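Note sheet for the following structure.
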Amino acid sequence: MAHVIAVAGKGGVGKTTLTGLIIQYLGEKGKGPILAVDADANSNLNEVLGVKVETTLGDIREEVAGAEMAAKNPIPSGVSKADYMEFKFDDALVESDDFDLLVMGRTQGKGCYCFVNGLLQAQLQRLEKNYPYIIVDNEAGMEHISRGVLPNMETAILVSDCSRRGVQAAGRIAQLIKECDMHPKQVGLIVNRAPNGELNEGTRDEIEKQGLHLLGVVPQNDTVYDYDCDGTPTVDLPEDSPVKKAVREIVDKLEF
């Protein structure tokens, strides 16, 4: 079975950036093929990784849901909706050298994402035997964990910025993991965007108060901001980037 790594935390703390760099480094270490999963309805992991996504699970759901009302039904005669969706799911998998990427996406307009969450869960269960590692970039908050979308989570990486609110959110996710009886082998916190790569006393106090294991600290870096503004994949950061160095040191400490 795949080693499932879930990256979670409050919105805006840099989960997707760190997820992309972790995927890149594991690939460089020969841990592939890796299944990278963008489980956020507001998808942008592909931009961090520098790959183009043509189809998401949400797109497939919308196509099939609207097939009967379409002027030209895309589903061939004699093919069931279920079989057609299974065929289309293979199109949703973006293949790269060291990783494949699966994007959840979203439904159109009003309504919840329950159906798409179910599609994601089913596809993870179908694909997990094909990969030694699955790395999931979760949406902000705790929904995928509380719904049990992730199969057999072995490692939970919680991400926060230096704010107390970010650390508190990570603490709530860690508590939810316990309440959901998931029992990952390791749960730890990465504090991202720390000025000069250092934590002040207040942040350290909150980490201790929440009972979180600090995996490491990633420094604030203007180059990451510049890359994001320019639309340059974050994985293309220079090899001597302090952000890349910090992420690699953290990964080397983990039991992957």
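The values are calculated or read from the model by the stated rules, or taken from the named source; none is laboratory data. Just so you know, these numbers come straight off a predicted model, no measurement behind them. Because the Cβ atoms are built from the backbone with ideal geometry, glycine has one as well, and the counts that use them run over all protein chains shown. Only protein heavy atoms, including side chains, enter the accessible area calculation; ligands, DNA and RNA are left aside. Shrake-Rupley method; radii C 1.70, N 1.55, O 1.52, S 1.80 Å.
Key figures
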| read-out | value |
| --- | --- |
| Filtered residues of region 205-235 (kept if assigned to a helix (DSSP H, G or I) and surrounded by 12 or more Cβ atoms within 10 Å (Cβ to Cβ)) | D205, E206, I207, K209, T223, V224, Y227, D228, T234, V235 |
| Single residue of region 91-143 satisfying the filter (of a type in the set (K, R) and modelled with pLDDT under 80) that is surrounded by the fewest Cβ atoms within 10 Å (Cβ to Cβ) | K110 |
| Pair list, Cβ < 9 Å and 6+ apart or interchain, from region 1-13 residues that are touching a residue at least 24 places away in the same chain (Cβ under 8 Å) to residues that are of a type in the set (K, R) and part of a strand (DSSP E or B) | V13/R193 |
| Region 166-196, subset open to solvent by less than 90 Å² (accessible area, probe 1.4 Å) and in a strand (DSSP E or B), residue farthest from P219 (Cα to Cα) | Q186 |
| Only one of L158, L199 that is open to solvent by less than 30 Å² (accessible area, probe 1.4 Å), on the phi < 0 side of the Ramachandran plot, in a loop (DSSP other than H, G, I, E, B) and out of contact with any Ser or Thr (no Cβ under 8 Å at 6 or more places or on another chain) | L199 |
